[in-house]
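The values are calculated or read from the model by the stated rules, or taken from the named source; none is laboratory data. Note that the coordinates shown come from a computational prediction; the quantities given were computed from them, not determined experimentally. Neighbour counts are summed over all protein chains in view; Cβ atoms, including those assigned to glycine, are modelled from backbone coordinates with ideal geometry.
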């Protein structure tokens with residue numbers, strides 16, 4: 001059984017700061033290590049194989065950029081990485097900034113590791129924002145510009161080295177901006193919740209009536225955070241507890257639409273989640289009435305293939321054997337104080353519905369309803385691609401990208 005780690009302990013907070021990791025991920029790694037080594041002593045970062053995070057000028061500059069405006073866009077990120085640390089190029093090649101190079105034929109190989117370090121550093125702040133994409137370099141006559149062609153295959157001859165694009169994920173940026181607009185677990189806020197704030201919350205969401213008190217929860221480390229506002233902390237803890245209670249009430253399985261209805265009744269759905277719920281209901285109908293399995297992290301330790309999902313809020317498993325899809329919600333990743341919110345639960349349900357049903361139904365339909373959905377979406381994709389002036393845009397690469405962009409980028413659907 002995985003050992004528990006007190007995430008409110010000051011020593012854990014220091015490990016968290018040194019590692020730069022997510023608290024759920026770090027506590028899980030520690031618990032597994034303690035169980036495997038049969039000890040109650042906490043491991044060091046070195047024992048966990050985690051490199052201690054160093055303070056960085058790049059991290060500080062990037063945080064300044066994120067805090068400078070509410071609506072960060074891809075162009076802002078591009079301007080930030082342009083020529084960054086003399087590692088990324090100062091102009092675009094093939095529509096992207098790249099690991100710095102002197103010309104099209106000569107990549108700055110000594111910059112490759114530095115580029116990976118910078119990407120990792122930025123992704124610790126905005127998860128999955130950047131990734132590096134290697135592209136082969138081919139032999140070419142520098143006078144004529146013609147490539148050397150293999151006569152047997154008719155293909156260009158690769159030199160064996162690469163040039164590297166810096167790809168920026170619009171989805172990751174939107175996910176980050178959406179998450180920071182929610183109530184954050186920030187105990188250093190100069191302003192806590194006033195009595196009027198509490199009354200407004202209780203009037204709007206009766207679920208929290210009587211729970212936002214003036215005494216800190218006993219499990220909260222007030223010595224580590226002496227300035228914490230008790231009302232704010234109680235609200236955060238209360239919401240996480242209510243999320244857990246809702247999932248417990250479902251038993252081992254749940255119906256997604258029933259869960260979303262329950263969340264809407266308790267606290268309401270955000271405008272975005274309400275729109276996605278309606279979209280799924282309108283487009284999928286009975287296909288959306290699938291069964292979710294509710295599990296805990298410990299359940300994944302005995303399932304080797306599933307261990308990679310141990311830090312996720314939910315995931316979808318597709319069985320190649322019988323072509324079935326099973327969607328899982330991981331309860332103790334969804335009800336952690338500071339992370340566990342009804343909005344996160346609703347977003348996770350909708351996210352898994354898209355991936356578990358819509359995307360896979362299009363790609364590999366099994367029922368007549370799924371075949372019909374797949375035909376209609378493919379028809380729409382072909383019509384849109386034939387009419388757009390931007391055929392090289394990633395949205396028109398394939399039907400999956402078209403659906404992904406169509407759900408997140410209003411320019412595609414309009």
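Go through (1) surrounded by 13 or more Cβ atoms within 10 Å (Cβ to Cβ); (2) touching a residue at least 60 places away in the same chain (Cβ under 8 Å); (3) in contact with a helix residue (DSSP H, G or I) (Cβ under 9 Å, 6 or more places away or on another chain) and name the single condition residue 237 misses.
For residue 237, the exception is condition (3).
I'd like the full set of residues that are modelled with pLDDT under 75 and surrounded by fewer than 17 Cβ atoms within 10 Å (Cβ to Cβ), limited to segment 365-396.
388, 389, 390, 391, 392, 393, 394
Please go through segment 157-173 and pick out each residue that is in a strand (DSSP E or B) and either modelled with pLDDT of 85 or more or loosely packed, with under 13 Cβ neighbours inside 10 Å (or both).
160, 161, 164, 165, 166, 167, 168
Yes or no, residue by residue, for (1) under 17 Å from residue 253 (Cβ atoms); (2) surrounded by fewer than 17 Cβ atoms within 10 Å (Cβ to Cβ); (3) over 21 Å from the mean Cα position of the chain (by Cα); (4) modelled with pLDDT of 85 or more:
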{"position": "281", "(1), (2), (3), (4)": "no, yes, yes, no"}
{"position": "316", "(1), (2), (3), (4)": "yes, no, no, no"}
{"position": "322", "(1), (2), (3), (4)": "no, yes, yes, no"}
{"position": "330", "(1), (2), (3), (4)": "yes, no, no, yes"}
{"position": "338", "(1), (2), (3), (4)": "no, no, no, no"}
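Somewhere in segment 307-314, is a residue over 19 Å from residue 370 (Cβ atoms) and at pLDDT 80 or above?
Yes, that holds for at least one residue.
Would it be correct to say that residue 259 is modelled with pLDDT of 85 or more, over 20 Å from residue 367 (Cβ atoms) and not in a helix (DSSP H, G or I)?
Against the criterion (modelled with pLDDT of 85 or more, over 20 Å from residue 367 (Cβ atoms) and not in a helix (DSSP H, G or I)), residue 259 does not qualify.
If you take the residues of segment 72-100 that are loosely packed, with under 12 Cβ neighbours inside 10 Å and at pLDDT below 85, which of them is farthest from residue 163 (Cα to Cα)?
Applying the filter and picking the extreme gives 86.
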